[in-house]
Amino acid sequence: MIFHSTYNKPILLVGNGVRVSGASEMVYEFVRKTNIPLLTTMNAVDLAQDDLHIGFIGTHGNRIANLIISECDLLISVGARLGIRQVGRDTKNFAPKASLVRCDIDEYELSRNIKDDEKKYHTDARDFMRILLNEDCLCDDYSEWKNRCYKAKEILDNYDKQPGNFAVEKISALLPPNPVVCVDVGMHQCWCAQSLKLKGHRGRILIGGGYGTMGCALPYAIGASISMRKNTVYCITGDGGFQMNIQELETVKREKLPVKIFILNNHVLGKISETQHLDCANRYANTTSSSGYTVPNFQKIAEAYGIKAATLQSYDQIDKYADWINDDSACLLDISLPEDSLLTPKISFDTGETRPGLNKDILNKVMNLLRG
């Protein structure tokens, strides 16, 4: 038996393997019948949207998601590899109070022990969810635990936000239900994973994931639009990533694809410059305007390709272009962000320390809620 009712604070954690196996609807059925909170990895953030949304775990994960993991007493991981960005270098700090159940179709991933007493199921996520749905746990209701998780989330909703997070929130508020959003690689990828909340449960957030392929968002958007008979697709990219495949604007124009492009433009190679700032004593190299990196006028380039475009000085101006976002033609919005934008929070996988720290009173309030 995988699940039994001696647990009071269970969590279901899902990775992209759930979608690959076609088990998404089974996950929704399980969490709605049991009211078990649902968390995700970064690659699977689109599996827990709308009313199911809490957050994703890991190095740049939502703080509330990582705190919930630290307090749960049962963690069922399905289709998630639980790599170092999720569990850290010292695995004793990962879900320290919980029994761990892991389902993975890759036996080599399961060969890594995270806990000495973990239970492993080398099987397809769909078969595993079928077993869960047939267990007695469906008679149990964890609404009280789930409600505490959501109340704790509300307390932290105004923390850990950078201008990039606010920009992503503005964008998501203007999107229709169940959109397809393609995300590039860089700081904005983490801002999107943290703050892009879709209406509905059938939308997709296509992320490059562990490949680290800067420039992937625009080709993703082109392919996604064509595969959906030239339907609208939303592309969120950074100034660095967009320059990797900027010539594909010609494909967008030639094929008359309604691709909506949002460039979160902080005028630096964000993730690399942040590392040089935090770990290299501000020794920047080819990542900032003063160290050899610059960006062009994206509006003029888009217009040269025949695509309507605008330069925004702030994310507060996104609302002015709601008509562009909802019509049937391509557009580009170049949204300026401060050069010193950071990713917060950030957990060190060496020490488990979270930067920045949280106000002690707020942290105590959240933890008291989660502990009951």
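The values are calculated or read from the model by the stated rules, or taken from the named source; none is laboratory data. Bear in mind the structure is a predicted one, so any value in this text is a computation, not a measurement. Positions of Cβ are backbone-derived with ideal geometry, glycine not excepted, and every protein chain shown enters the neighbour counts.
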Exercise. When you look at N265, is it assigned by TED's automatic domain parsing to the domain that holds H188 and either over 29 Å from N231 (Cβ atoms) or surrounded by fewer than 20 Cβ atoms within 10 Å (Cβ to Cβ) (or both), yes or no?
Worked result: no
Exercise. Among the residues of the range 295-309, is there at least one that is part of a helix (DSSP H, G or I), at pLDDT 95 or above, among the β-branched types (V, I, T) and surrounded by 18 or more Cβ atoms within 10 Å (Cβ to Cβ)?
Worked result: yes
Problem set entry | Residue count, the range 273-312 (criterion: charged (D, E, K, R) and on the phi > 0 side of the Ramachandran plot) | 0
Exercise. Restricting attention to the range 258-266, does a residue exist that is over 24 Å from I318 (Cα atoms), of a type outside the set (A, V, I, L, M) and out of contact with any strand residue (DSSP E or B) (no Cβ under 6 Å at 6 or more places or on another chain)?
Worked result: no
Problem set entry | L218 more than 23 Å from I64 (Cα to Cα), in the same structural domain as E274 (by TED's automatic domain parsing) and at pLDDT 95 or above | yes
Exercise. So which of V181, V185 ends up being assigned to a strand (DSSP E or B), of a type in the set (A, V, I, L, M) and assigned by TED's automatic domain parsing to the domain that holds L312?
Worked result: V181
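Before we move on, is G210 of a type in the set (G, A, S) and more than 22 Å from L332 (Cβ to Cβ)? If you could, list the steps in order and put the result at the bottom.
Numbers: of a type in the set (G, A, S): yes; more than 22 Å from L332 (Cβ to Cβ): yes.
Judged against the criteria, G210 is a match.
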Exercise. Does the range 351-365 contain any residue that is farther than 22 Å from K92 by Cα and β-branched (V, I, T)?
Worked result: yes
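Looking at the range 206-250, which of its residues are small (G, A, S) and either under 22 Å from I301 (Cα atoms) or buried (at least 24 other Cβ atoms within 10 Å of the Cβ) (or both)?
Across the range 206-250, the qualifying residues are G215, A217, A221, G223, S225, G238, G240, G241.
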Exercise. Can you tell which of K271, K253, K260 is surrounded by 24 or more Cβ atoms within 10 Å (Cβ to Cβ) and either part of a helix (DSSP H, G or I) or touching a helix residue (DSSP H, G or I) at 6+ places or on another chain (Cβ under 6 Å) (or both)?
Worked result: K260
Problem set entry | Output for the range 11-36, where each listed residue is buried (at least 23 other Cβ atoms within 10 Å of the Cβ) and either in a strand (DSSP E or B) or under 17 Å from the mean Cα position of the chain (by Cα) (or both) | I11, L12, L13, V14, G15, G17, V18
Problem set entry | Residue among R202, R126, R148, R112 that is in contact with a Leu (Cβ under 7 Å, 6 or more places away or on another chain) and either outside any helix (DSSP H, G or I) or at pLDDT 95 or above (or both) | R148
Seminar exercise, completed: Among residues of the range 152-206 being of a type in the set (G, A, S) and farther than 24 Å from L312 by Cα, the residue nearest to the chain's Cα centre (by Cα) is G203
Problem set entry | Hits in the range 37-51 (condition: in a loop (DSSP other than H, G, I, E, B) and either among the aliphatic types (A, V, I, L, M) or without any contact (Cβ under 8 Å) to a residue 60 or more places away in the chain (or both)) | T41, A48
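Looking at the range 123-144, can you tell me whether even one residue there is among the polar types (S, T, N, Q), surrounded by fewer than 21 Cβ atoms within 10 Å (Cβ to Cβ), closer than 17 Å to V14 by Cβ and without any contact (Cβ under 8 Å) to a residue 60 or more places away in the chain? Please lay out each step first, then the result.
Let us first name the residues in the range 123-144 that are among the polar types (S, T, N, Q), namely 123, 134, 143.
Pick out the ones that are also surrounded by fewer than 21 Cβ atoms within 10 Å (Cβ to Cβ) and you get 123, 134, 143.
This time we only want the ones that are closer than 17 Å to V14 by Cβ, so: 123.
Still in the running and without any contact (Cβ under 8 Å) to a residue 60 or more places away in the chain: 123.
Yes, the range 123-144 has at least one match.
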Exercise. Restricting attention to the range 52-78, and to residues there that are part of a loop (DSSP other than H, G, I, E, B) and touching a Cys at 6+ places or on another chain (Cβ under 7 Å), which single residue is modelled with the lowest pLDDT?
Worked result: H60
Problem set entry | Given (1) without any contact (Cβ under 8 Å) to a residue 60 or more places away in the chain; (2) in a helix (DSSP H, G or I); (3) closer than 27 Å to T59 by Cα, number of the condition E248 does not satisfy | (3)
